[in-house]
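The values are calculated or read from the model by the stated rules, or taken from the named source; none is laboratory data. All figures in this text were calculated on a predicted structure; none of them were measured in a lab. Positions of Cβ are generated from backbone atoms using ideal geometry, with glycine treated the same way; all protein chains shown enter the neighbour counts.
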Amino acid sequence: MADIQDKQVQDEETLIQQEFDALLDDYKNSNHRQKLELVTKAFHFARSAHQGLRRRSGEPYIMHPIAVARIVVREIGLGSTSICSALLHDVVEDTDYTVEDIKNLFGPKIAQIVDGLTKISGGVFGDRDSAQAENFRKLLLTMSDDIRVILIKIADRLHNMRTLSSMPPAKQYKIAGETQYIYAPLAHRLGLFRIKTELENLSFKYEHPDTYRQLEERLAVDEEERKIFYRQFSEPIYQKLEELGYQFKLKERLKSVYSIWKKMSVQNVPFEEIYDILALRIIFTPREGLSEKDQCWMLYSAITSLYKPHPERIRDWVSTPKTNGYESLHVTVMGPMGKWVEVQIRSERMDEIAERGLAAHWKYKNGGKRDDESELDKWIKTIKEILENPNPNAIDFMATFKLNLFASEIFVFTPKGEIKTIPQGASVLDFAFLLHSDLGMNCIGAKVNHKLEALSYKLNSGDQIEILTSKKQKPQPEWLDYVVTGRAKTRLEAYFKKEEKILIAEGSRKVEEALTKIGIKSENEQIARLLNYYGLRQPADLYLEVAKGTLSLEDDLQKNVFKPKSKNVFTRYLRNPFSSTSTNEKKSSEVPRKINLKSTMRLDDENIGKEYELASCCNPIPGDDVLGYVDRDEHVIVHKRQCPNALTLKSNFGNRIVSVEWGLNKGHSFVELIEIKGIDKKGVLMEILKIISEGYGFNISEIHISAKAGIFIGKLYVYVHDTEEIDTLCRQISKISEVNSVRRVQNLSDSSVSS
């Protein structure tokens with residue numbers, strides 16, 4: 001037995017050394033100044049500190065820091081400081097060593113980064129409601145100190161996602177939801193496209209394992225056909241570029257499983273109608289004497305001499321890069337067999353920035369090739385401004401920040417012709433705040449393309465905007481409904497909070513004066529009576545309403561609030577504890593049963609409405625991928641995993657998520673909407689109805705049919721027991737020759753979530 005244990009220890013030591021040697025190889029192959037002694041010292045220190053600790057998968061804990069360090073150097077492109085910080089990132093949290101120890105051994109910079117990572121050590125998950133959001137705020141605050149903290153945290157999250165299979169299902173949903181909600185968009189905004197794609201794919205894999213596997217199988221079936229098509233499409237391009245004397249590489253880009261599913265879901269189309277699964281990427285070595293931009297357009301000319309371009313599908317991110325630093329020229333052309341194919345044209349520098357993001361962007365900037373302030377620099381500056389006045393409510397703050405993570409952007413112009421980047425859906429007021437806070441605060445409107453427009457006017461790409469102001473103008477509460485940018489929201493919220501404090505102070509003084517006038521001291525008990533009378537929760541709410549003049553305080557004090565109670569009222573209060581209402585209240589206040597968050601809850605007909613209920617925002621039915629959210633009364637609300645509200649719950653209340661599975665649910669029917677499109681031919685509706693009612697005996701709730709120019713669209717509400725029945729029904733209807741497409745329309749409305 002001892003020999004077996006010794007061999008296991010020896011094998012593990014060998015594996016650890018092999019992984020560290022691989023890390024050193026990655027580091028040696030980078031362009032960074034080699035500090036092998038420092039990296040080796042950090043490895044041995046971390047290895048000693050984590051001695052005897054294991055991950056949930058059973059492997060030695062040190063394997064995780066090594067893996068994170070490899071991602072940091074190989075996939076993000078950072079150097080020795082970040083490698084050492086990655087190796088040491090869990091030492092302070094998991095062992096008796098302190099940040100001061102790290103500082104003494106490895107210097108202040110590594111200690112500062114490790115300290116930042118330690119403060120956000122629990123991921124975004126914590127032990128309390130909104131602890132995730134609170135920790136995420138800490139993560140963002142480190143951006144002001146050193147952006148490498150966030151980059152290493154993203155690497156840490158990527159490795160955790162790669163090894164998520166060892167976690168129980170409920171934990172998988174929590175971590176995958178949080179990754180999709182924050183980390184993938186953050187990686188995208190920082191230009192880490194490859195990491196962002198993998199994070200999205202892994203999140204999707206754990207949230208919808210069956211759908212993920214089905215799409216992978218579909219891609220595998222078409223693989224040989226795609227290879228043949230790729231050769232046919234790329235060979236003429238290869239020959240053309242060689243004739244022109246370019247040094248280049250051609251890369252096949254396959255759309256990710258998550259991107260395919262998202263497009264199918266958003267556009268409500270089947271897999272067969274996703275036409276941009278394959279794309280071609282041209283990465284060229286720039287010639288001297290010509291700008292990269294000019295050479296991109298020269299290559300564009302060469303490609304379009306071979307294949308006809310789609311006039312509405314040209315994306316020029318060379319002239320105006322994306323906010324995250326992305327530069328590339330995209331054109332969609334008609335390839336062999338009538339298939340549209342996207343071609344992406346970029347230089348080696350552009351490709352490295354697209355793959356490695358922030359680190360590559362700064363490498364070229366510091367190398368003297370890109371001295372101007374990029375859109376990425378401006379974005380980071382904007383985030384730092386938001387962090388200067390963060391919303392005290394962590395979840396609201398997180399939502400405000402998330403506004404800045406969306407990459408859909410438009411380009412607009414100042415009156416002098418200066419180009420500005422702003423999120424799609426932004427208003428005149430957003431643009432005013434983008435230029436300067438004072439312009440936003442005093443904005444009364446704008447001239448958009450020389451035409452007068454209101455504050456709420458939504459801007460379009462190419463608009464030229466002149467902001468109009470007045471010193472008499474002051475922000476109004478409804479302005480918060482006009483803006484979508486975090487900068488504008490933060491500035492307005494800070495202004496309203498300041499105004500609110502002034503009003504609360506004034507209201508407090510008025511309440512005290514009114515109470516003194518009738519001979520009552522302003523004490524907690526009296527304020528509580530006022531709150532109860534007006535149905536308010538906080539004293540601040542009372543003071544605010546009084547300051548605004550919405551409460552007739554003086555009349556109410558003597559006539560109602562502090563009026564002596566009659567005998568009848570007293571009797572009613574005495575009798576109240578024994579009333580049926582009170583009994584119900586007593587029942588609801590009893591300690592509810594405790595849900596075991598670590599076990600998987602079974603959803604049967606018997607416990608629907610008692611132990612769980614189906615969320616009205618997404619209306620899941622048996623067979624859907626679902627999860628449970630345990631509310632404060634220990635009642636389980638079941639959501640579809642792709643429901644927007646479920647995503648918010650996973651990211652903000654992760655510790656209340658429970659794994660659930662469907663039982664045999666044949667006792668309940670659910671109304672589902674089926675959309676059918678096809679050729680409007682006589683008798684086709686009767687065939688459809690025959691399949692539904694006679695073939696399967698389903699009841700129909702509603703039918704809506706419209707026809708135009710020989711095409712019909714039918715919407716049928718049918719009663720089914722589960723997804724298997726609706727899938728079978730769709731397959732049978734699709735066999736009718738005149739029917740072009742049949743799909744289940746899923747309700748995924750993004751309504752508000754209460755905790």
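Filtered by the rule that a residue be farther than 20 Å from Met167 by Cβ and surrounded by fewer than 16 Cβ atoms within 10 Å (Cβ to Cβ), region 195-217 gives Gln214, Glu216, Glu217. Just wondering, is there one or more residues in region 510-517 that are surrounded by 15 or more Cβ atoms within 10 Å (Cβ to Cβ) and within 30 Å of His436 (Cα to Cα)? Within region 510-517, not a single residue is surrounded by 15 or more Cβ atoms within 10 Å (Cβ to Cβ) and within 30 Å of His436 (Cα to Cα). In the set (1) closer than 20 Å to Pro209 by Cα; (2) outside any loop (DSSP other than H, G, I, E, B); (3) in contact (Cβ under 8 Å) with a residue 40 or more places away in the chain, the condition left unmet by Asn655 is number (1).
Against the condition surrounded by 15 or more Cβ atoms within 10 Å (Cβ to Cβ) and over 13 Å from Val483 (Cβ atoms), how does Ala446 come out, does it pass? Against the criterion (surrounded by 15 or more Cβ atoms within 10 Å (Cβ to Cβ) and over 13 Å from Val483 (Cβ atoms)), Ala446 qualifies. Of the helices (runs of 4 or more DSSP H) contained entirely in region 29-111, those carrying at least 2 residues that are surrounded by fewer than 20 Cβ atoms within 10 Å (Cβ to Cβ), under 34 Å from the mean Cα position of the chain (by Cα) and not hydroxyl-bearing (Ser, Thr, Tyr) fall at 91-94. Residues in region 416-438 that are farther than 15 Å from Tyr482 by Cα, out of contact with any Asp or Glu (no Cβ under 7 Å at 6 or more places or on another chain) and either polar (S, T, N, Q) or outside any strand (DSSP E or B) (or both): Lys416, Gly417, Glu418, Leu435, His436, Ser437, Asp438.
Reported count of residues in region 708-733, each being within 19 Å of Ile679 (Cβ to Cβ), in a strand (DSSP E or B) and at pLDDT 85 or above, is 6. In summary, Gly191 fulfils each of the numbered conditions (1) assigned by TED's automatic domain parsing to the domain that holds Leu158; (2) within 23 Å of Ala354 (Cα to Cα); (3) part of a helix (DSSP H, G or I); (4) of a type outside the set (Ser, Thr, Tyr) with the single exception of condition (3).
Filtered by the rule that a residue be at pLDDT 75 or above and touching a Leu at 6+ places or on another chain (Cβ under 6 Å), region 515-529 gives a lone residue, Ile518. Confirm whether Lys677 is touching a residue at least 24 places away in the same chain (Cβ under 8 Å), touching a strand residue (DSSP E or B) at 6+ places or on another chain (Cβ under 9 Å), part of a strand (DSSP E or B) and basic (Lys, Arg). When the stated conditions are applied, Lys677 passes them.
Residues in region 454-492 that are within 22 Å of Glu418 (Cβ to Cβ), at pLDDT 90 or above and not in a loop (DSSP other than H, G, I, E, B): Lys458, Ile465, Glu466, Ile467, Leu468, Thr469. Checking each residue in region 646-690 for being aliphatic (A, V, I, L, M) and over 19 Å from Val739 (Cα atoms) picks out Ala646, Leu647, Leu649, Ile657, Val658, Val660, Leu664, Val671. Looking only at region 527-551, residues that are assigned to a helix (DSSP H, G or I) and in contact (Cβ under 8 Å) with a residue 12 or more places away in the chain come to 14 in all. From the list Ile736, Ile692, the one residue that fits, being assigned to a loop (DSSP other than H, G, I, E, B), touching a residue at least 12 places away in the same chain (Cβ under 8 Å) and more than 34 Å from the chain's Cα centre (by Cα), is Ile736.
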